[in-house]
Amino acid sequence: MSYLEYSVRKIPTGFNRLAYINLPIIILLIAIASIGFLMLFSVAGGSIEPWAKAQMIRFSIGFFLMLIIAFIPIWFWRNISGLAYFISIILLLAVEFFGVSGMGAVRWIDLGFMRLQPSEVTKLTVVMFLASYYDWLPRNKVSNIFWVILPLLIIVLPVLMVLRQPDLGTALLILVGGLTVMFIAGVSWIYFLISGLGVFTFVFSIFHFRGTEFQILKNYQYRRIDTFLDPANDPLGAGYHITQSKIALGSGGFSGRGFMQGTQSRLNFLPEKHTDFIFTTLAEEFGFIGGLSLLGLYFLMIIFCGIVAFGSKDRYSGLVVSGLNMTFFLYFAVNMAMVMGMLPVVGVPLPLVSYGGSAMFVLMIAFGLIQSAAIHKAR
C-alpha cells in the first residue's frame, strides 16, 4: 500500500473528525472568551446587558461556525483562497461608497443585524491567498524577483485601501501577516532587508511631509503619535485615553482591587473600556496576576497553533496556520503595548475579550481553518 493510499484511508470522515480536533485550542478559546464575558459584565456595572450577552451570542455562533469550517477539508479552503481574497477586496471597495462612519473613520458596512468591518476579513484572506500561492509555486522560484512582485502586490493593495479608511492598526496587521507567510515560504532575507529600508523611508516621510500638501496621515493620527511620545502634553485632550489607561494599570497593583471594584472603569474615567481598553479594566481589577494570566493563555494558544503548523504534512496548511498564528499574536501584542503606552493608540481590539462582532467572527473563522489543518492532515 502506497503512502498516498494509506493517507487517504486514514483521513477522518463524518463524526470521526471530532477525535482529531485539537482539544487544547478549544479549551483555550473558551477560557479566553470567558474572561471577556466576565470583564464585559464588570464594565457594564454588573449587568449582562448591553455587552456581555451580545458577546456570548456572537461567540456561540462563531464557535459553531468554527466547527463547520474545521470539518471541511483544508484543501477546499486552499482552492477558494483566491476567491475569498477578491471578495474581501470588493468589500473594501464597498466601504468607499457605502461605508458608515464611526469614531472619525469609515470602516464598516451596515448589514442591519451587525456592522461588518471588511478590513478584519482581509487579515484572513491575505494569509490564505499567499499560502495558496506559495503552495502552487515551485520552491526554486520563491525568491525570483518576478515571483516576489505578485505577493507584494497582494499585500500592498489591501494595506493601501485600509489606510484610506483610515485604520493604521489593521493595515499593519495585514502587512505583517502577509510578510510572515512570505518569510516562512522561504523568500530571501535580502528582500526583507530592502523592505525594512522601505519602512524606514516611509516613517521618515510621515514626519517629513507633516503639515504639507503631501501629508501622509490624518491630523488625528499625528496627534496620536504626539500623544505616544508625550502623553502629558495634552492630558485632557489627545493624551486622555493613555493617561487614564496608565492610571488604571498602576492602581491594580499586584493582585488588583477586586472584581467590579475598579474605580477607573466604574466611574467612567476610562474611555472605550469595553473595546480597545478592556485590558486595563482587567489589570485594575485583577492586577499583575490577572494580566499575566491572560497573557499566559494567549501564549499557550500560540504554542498549540505552532504545533499544528509544524505538524502539517502539506505546504498550504503549514503556511496558513503560521500566518494566522502570527496575526493572532499581533492582535494581543499590539493591543497590550498600546494600552501600556509602548505603542501609539491604533485601535486594535484584544482578541476574544474586546467587545465586537467582526473581530470575533474573523478570529473564530481563523481557528476553524487551524482546526481544519489539524484534522485533515495525512495521518
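Out of the residues in region 191-239 meeting the condition of being among the small types (Gly, Ala, Ser) and closer than 20 Å to residue 340 by Cα, tell me which one is modelled with the lowest pLDDT.
Of region 191-239, the ones among the small types (Gly, Ala, Ser) are 195-196, 198, 205, 211, 232, 237-239.
Now restrict to residues that are closer than 20 Å to residue 340 by Cα: 232, 237-239.
Values: 232: 66, 237: 62, 238: 59, 239: 66.
Residue satisfying both the conditions and the ranking: 238.
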Checklist outcome for this item: residue 346 fails exactly one of (1) touching a Gly at 6+ places or on another chain (Cβ under 6 Å); (2) β-branched (Val, Ile, Thr); (3) closer than 26 Å to residue 186 by Cα, namely (3)
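Taking residue 322 as the residue in question, decide whether it is among the polar types (S, T, N, Q) and either touching an Asp or Glu at 6+ places or on another chain (Cβ under 9 Å) or surrounded by fewer than 23 Cβ atoms within 10 Å (Cβ to Cβ) (or both). If you could, list the steps in order and put the result at the bottom.
Numbers: among the polar types (S, T, N, Q): yes; either touching an Asp or Glu at 6+ places or on another chain (Cβ under 9 Å) or surrounded by fewer than 23 Cβ atoms within 10 Å (Cβ to Cβ) (or both): no.
No: the conditions fail for residue 322.
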Item to check | Residue under evaluation residue 136, criteria (1) closer than 23 Å to residue 315 by Cα; (2) surrounded by 13 or more Cβ atoms within 10 Å (Cβ to Cβ); (3) not aliphatic (A, V, I, L, M), criterion not met | outcome: (2)
Next on the checklist: List the residue pairs whose Cβ atoms are under 9 Å apart, where the first residue sits in region 344-367 and is farther than 21 Å from residue 64 by Cβ, the second is part of a helix (DSSP H, G or I) and among the basic types (Lys, Arg), and the two are 6 or more positions apart or on different chains.
Outcome noted: 344/224; 345/224; 346/224
Checklist outcome for this item: Scanning region 39-53 residue by residue, those surrounded by fewer than 17 Cβ atoms within 10 Å (Cβ to Cβ) and at negative phi turn out to be 47, 48, 49, 50, 53
Checklist entry - Just to be sure, is residue 345 in contact with a His (Cβ under 7 Å, 6 or more places away or on another chain), in a loop (DSSP other than H, G, I, E, B) and of a type outside the set (Asp, Glu)? => result yes
Checklist entry - residue 330 fails exactly one of the following numbered conditions: (1) at pLDDT 90 or above; (2) buried (at least 23 other Cβ atoms within 10 Å of the Cβ); (3) of a type in the set (A, V, I, L, M); (4) in a helix (DSSP H, G or I). What is the number of that condition? => result (2)
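The values are calculated or read from the model by the stated rules, or taken from the named source; none is laboratory data. Just so you know, these numbers come straight off a predicted model, no measurement behind them. Methodologically, a virtual Cβ is constructed for each residue, glycine included, from the backbone with ideal geometry; neighbour enumeration extends over all protein chains shown.
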